[in-house]
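Rule-based calculations on the coordinates, nothing more; no lab input. Owing to the predicted nature of the structure, the values given are computational and were not obtained by experimental measurement. Backbone-built Cβ (ideal geometry, glycine too); neighbour counts: all protein chains shown.
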Amino acid sequence: MNQQKIQVCVIDDEDVARNALIEVINNSKELQVSCEAKCVDSGFGAIIENNPDLIFLDIKLIGGDAFMILDKLKNRNYNIPPVVINTGFKEFEDAQRALNEYKNEVIAILKKPFLEDWEEKENMVLNKYYELLNSNTETTIKHNVIIVNTRFKIHIIKVEDILYLEVNKQKRGMAKTLIITDDKEFEISKTLNQIEGQLPSYFVRINRFVIVNGKNIYEYDHSDQVLRITGVSKDFSVGNTYKEKLLDFITNILGAGEY
């Protein structure tokens, strides 16, 4: 399963600037443009229709400015996602105003031309995005479900539907774990160590970075020391310190049907 990218809405009335920003975002490993607009009305509509994870928003727009979009979203009780303000030098004071008035939503201000040193700026935006996301995420496990409560949605995951859990080594910031089911992927702000003891006994840790649902194990290869589970195309390497416990699980628990 490919890791889902952060869905971005780009709103800028300058075609050249907007298209250039869309191009660099779509070349990112973590970002992807899902919608675009160049005026207040179409920008507001694009956000409502597409529910982006992140908004790049120019201050001056056709038909008004960024404040009109943010105010309309707020008046609609829409849960505004993190916002990056794009601004020229002349509008920098307005950008600061947006940062002050929407301090819980605006995570960064990018001065035009913002494509210079883009990699550095992208890293800054992503760090701010994950910092805000982590500060608003709670995860609880009870009654064989995992409840992931973010500032945008509440996800309810049946534990038995989980294929495996994995440390998200590609993401920055606080410790994060990916929960993989057969058709979805969730990210939580807990370490594997924190969550391992709360899982049912049929979950088994196979290395420092992965815990698998033991019910889905269908093959262990002694020669390569890899594990294969139903519903997942990749092989999982088994760490030396975890091998004995895994083999005991396969022989004594899976073999006896004790789960």
> Among R76, R18, what is the fewest-to-most ranking by other Cβ atoms within 10 Å?
Replying inline: R76, R18
> Which value in nm describes the separation of the simple spin-label points at N26 and D235, placed 7 Å from the Cα toward the beta carbon?
Replying inline: 3.7
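Among 178-189, 137-148, how do they line up by average Cβ neighbours within 10 Å per residue, starting with the highest?
On the way: 178-189: 17.4, 137-148: 14.4.
Peptide ranking by packing, descending: 178-189, 137-148.
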> Per residue, what volume in Å³ does the Cα convex hull of segment 138-254 take up?
Replying inline: 111
>> Above 32 Å lies some portion of the pair distances; for the chain, what is it as a whole percent of all C-alpha pairs?
In response: 36
> So, in nm, how far is label D117 from label Y218 when the simple model puts each one 7 Å beyond its Cα toward the Cβ?
Replying inline: 5.2
> Between I253 and N127, what FRET efficiency comes out of the Förster formula 1/(1 + (r/R0)^6) with R0 = 35 Å and r the beta carbon distance, rounded to 0.05?
Replying inline: 0.25
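Which value in deg cm²/dmol, rounded to the nearest 500, describes the helix-derived mean residue ellipticity at 222 nm for the chain, given -39,500 (n - 2.57) per DSSP H run of n ≥ 4 and division by the residue count?
-8500 deg cm²/dmol
Pop the C-beta distance of D41 and N149 into the FRET formula with R0 = 30 Å and round what comes out to the nearest 0.05.
Details: r = 33 Å, r/R0 = 1.09.
Efficiency computed from Cβ-Cβ geometry: 0.40.
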